[in-house]
Amino acid sequence: MSDPRQAARHRLAQFMEDKGKRNTRQRDLIVDIFLEAGGHLTLNELLRLVQERDDRVGFATVYRTMKLLAEAGVAEELRFGEGQTRYELAHADEHHDHLICQTCGKIFEFEDDEVEAIQDRIALRFGLKVTEHRHEIYGVCTKTDCEHLRAATELPQ
């Protein structure tokens, strides 16, 4: 199964069957929108997207659904120090790291074999075999829009 969204649906269906849980129309809608949206969504961002299609879906339903997706290994919970949990599609066979702009909040994903090799060498130096890791780099975009945003929010000295 090369399509990650299809693989996620399959994983979720198997998880639901194993746990004896049933699908609901609202849960299906939330899953569909989460898989379509991609990216790194907060619960409030996902709720807004869901309510564009069905304004009867509440925050608690979105929250419970995303917890279920995380438990099923379909979504990964990310915390970038901003006080909110973000969710992204979990890829069982793929790893990537994140660059986070502290001004505009944009999140960039990257993969770099050299970074991975350096991490492994450092871990080995300390007698550790890496089984998993998270690499997050925080900074400020060099994009013009972000620079203007930063200048507008800085306090004069």
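The values are calculated or read from the model by the stated rules, or taken from the named source; none is laboratory data. For clarity, every value in this text was computed on a predicted model and none was experimentally measured. FYI the Cβ positions are ideal-geometry reconstructions off the backbone, even for glycines, and counts take in every protein chain you see.
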Can you go through 54, 113 and tell me which one is closer than 23 Å to residue 131 by Cβ, over 17 Å from the mean Cα position of the chain (by Cα) and either acidic (Asp, Glu) or not assigned by TED's automatic domain parsing to the domain that holds residue 146 (or both)?
113
By my count, strands (runs of 3 or more DSSP E) wholly in segment 38-129 with at least 2 residues that are hydroxyl-bearing (Ser, Thr, Tyr) and either closer than 30 Å to residue 140 by Cα or modelled with pLDDT under 80 (or both) are 85-89
Picking from 54, 28, 32, the residue that is without any contact (Cβ under 8 Å) to a residue 40 or more places away in the chain, surrounded by fewer than 17 Cβ atoms within 10 Å (Cβ to Cβ) and touching a helix residue (DSSP H, G or I) at 6+ places or on another chain (Cβ under 7 Å) would be 54
For segment 9-29, does any single residue satisfy the condition of being β-branched (Val, Ile, Thr) and at pLDDT 90 or above?
no
Which condition number in (1) outside the structural domain of residue 12 (by TED's automatic domain parsing); (2) modelled with pLDDT of 75 or more is the one that residue 143 fails?
(2)
Is segment 2-25 home to any residue that is among the β-branched types (Val, Ile, Thr) and either closer than 30 Å to residue 110 by Cβ or touching a strand residue (DSSP E or B) at 6+ places or on another chain (Cβ under 6 Å) (or both)?
no
